[in-house]
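Below: one structure, written as structure tokens.
What follows draws every value from the coordinates through simple rules; no lab data is involved. If you're wondering where the values come from, they're calculated on a predicted model, not measured in any experiment. Reconstructed Cβ throughout: ideal geometry from the backbone, glycine too, with neighbour counts over all protein chains shown.
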């Protein structure tokens, strides 16, 4: 059987994949970039298969190539299909992330797509596809294109107050593609540096985590530290070579929080005795410069979050009464956290009043159900506000806080 | 058992949490990436040997030469992983086997030198023995891929 015959099947598969990619709903900036990059790539691969088949037949190497071709193309299709199947994850969250990359002024450099997964994390899909294609005979030039895939657990998708945690992942992309501050001071040059036991590896990884925490904290405000603490904090039994211990991370993050919104006193009180990690931050000689690079980045783009206490309070007052606020996403999220318990209590009171039930008549189980319902309503309300905030940025003349066209 | 041992190794050596979960796939790509490097080189040299010098030059891309010359992040990780996998397959300790590491590195270096010559249109003697060595290495990687249940 000639290589031309063998590759015919794969060309059909690639054609089908292209059709599916084209049907992908191009709502977010990330998805548009995904469609553009993947369709171009599939076209190149399809053309490449013809050239490759001819050369394999000329060289008499068809038998060696068939199995590799199958594995490579199957892996390629698997990764692309994973993104396609995750397309409906959360439109609101996509809008949120579009706004973050807009704010960071990296929307053309760092398109983001989401994927549900058990662990929060991210990687660059193009790097992965490049590796996959290099497994076979494709000398494909993917240039400097990047598509950041953020892996997000369901628990974080449901509650919008957790969404600032995803900014950490976008900050990783900013470091990888724009800043490269950690890369400058602690590059991983040799095989030995890639060993997690090596000092070079740990300095690289720890610096980068502190750097992206600094960016996320200064951009998001206390909500980032607060929700990271609520969801991820634990005192380590075994210490990771890639992530500094939590207490040390929080110690650095707390220095970056703009005062006056949330004192985070409970978190500060936990930081009195920080045990040594694998490397303490003070032993990472260039950490101050690396953190400064993160601060300078935000300052340069005018995106440090430094609102007045009164601004936060005004938004909080609105949210407590479930009045929408759609101007600044970060103000909204920080105020929404502070307003949450009162807003939920107000929602429960209103419902009981509407149903003509006195609070004293409500049993424990019923109250718990009421609280769950109210929390769900509040989460939806905050998500709606976030979506409108994004739409307002994109279509400022249409969306206003009063919910009608300003042209009207 | 072997797969479990690889996973345990990954849990110990992972650099990012998310990588740990997808470790077997990363190992699979390590094996297949080196296989890819070898196959692209073999195709190039076979075309050259059969007189298709222009086509040989086409496959002798800069990125392949770079990978073979200085494997860098991608190649180094892969070769390291392979040496580790061979070791796990043999005795389960997961330490990088320097002998296996050296064998891969010397073959890749030799091929890099030949590809450089093809690119510069210098005379190259592509022996059947060299092509056989490449194919043997490819087969060995295929077996490793199967043994590791990847």
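What is the ratio of the Cα radius of gyration of chain A to 2.2 N^0.38 Å, where N is its residue count, to two decimals? Kindly include the intermediate steps, with their values, before the conclusion.
Values: Rg = 24.8 Å, N = 408, 2.2 N^0.38 = 21.6 Å.
Taking N as the residue count of chain A, the ratio is 1.15.
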**Study point:** Residues B:44, B:60 arranged by fewest to most Cβ contacts within 10 Å
**Key:** B:60, B:44
Practice item. Identify which of A:282, A:32, A:251 has the largest mean-square fluctuation in a Gaussian network model of chain A, with springs joining Cα atoms closer than 10 Å. Key: A:282
Check your understanding: Taking springs between alpha-carbon atoms closer than 10 angstrom, which of A:121, A:88, A:356 fluctuates most in the Gaussian network model of chain A?
Key -> A:356
**Study point:** Span from the the range B:102-139 Cα centroid across to the the range A:50-119 one, whole angstrom
**Key:** 31 Å
Check your understanding: Between the helical axis of A:199-220 and the dominant principal axis of chain A, each derived from Cα atoms, what acute angle in degrees is found, rounded to the nearest 10?
Key -> 50 degrees
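Indicate the gyration tensor shape class of the range A:164-306 (rounded, prolate or oblate), computed on the Cα atoms with a ≥ b ≥ c the square roots of the eigenvalues: a/c under 1.5 is rounded; otherwise a/b larger than b/c is prolate and the rest oblate.
On the way: a/c = 1.99, a/b = 1.20, b/c = 1.66.
Judged from the Cα gyration tensor, the range A:164-306 comes out oblate (a/c at least 1.5, b/c at or above a/b).
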Point to revise | Rounded tilt (10° steps) of A:287-300 against the dominant C-alpha axis of chain A | key: 80 degrees
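What order do you get for A:395, A:76, A:233 when you list them from fewest to most C-beta neighbours inside 10 Å? Can you show the working numbers first?
Numbers: A:395 10, A:76 25, A:233 13.
Result, fewest neighbours first: A:395, A:233, A:76.
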Practice item. Would you work out if the range A:309-394 is rounded, prolate or oblate? Take a ≥ b ≥ c from the square roots of the eigenvalues of the alpha-carbon gyration tensor; rounded if a/c is under 1.5, else prolate when a/b is larger than b/c, oblate otherwise. Key: prolate
Point to revise | Proxy reagent accessibility, fewest Cβ within 10 Å first, across A:379, A:384 | key: A:384, A:379
**Study point:** Pairwise centroid distance, computed over Cα atoms, of the range A:263-296 with the range A:301-341, Å
**Key:** 27 Å
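Answer rounded, prolate or oblate for the range A:263-408, using the Cα gyration tensor with square roots of eigenvalues a ≥ b ≥ c: rounded when a/c is under 1.5, else prolate when a/b is larger than b/c, else oblate.
Values: a/c = 3.22, a/b = 1.37, b/c = 2.35.
Oblate, because a/c is 1.5 or more while a/b does not exceed b/c.
How high is the relative contact order of the range A:14-134? Use alpha-carbon pairs under 8 Å, at least six apart in sequence, and give a whole percent.
Values: 74 pairs, mean separation 42.2, N = 121.
Relative contact order for the range A:14-134 comes out at 35 percent.
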Check your understanding: Nearest 10 degrees, 0 to 90: what angle lies between the long axis of helix A:309-320 and the longest principal axis of chain A (Cα atoms)?
Key -> 90 degrees
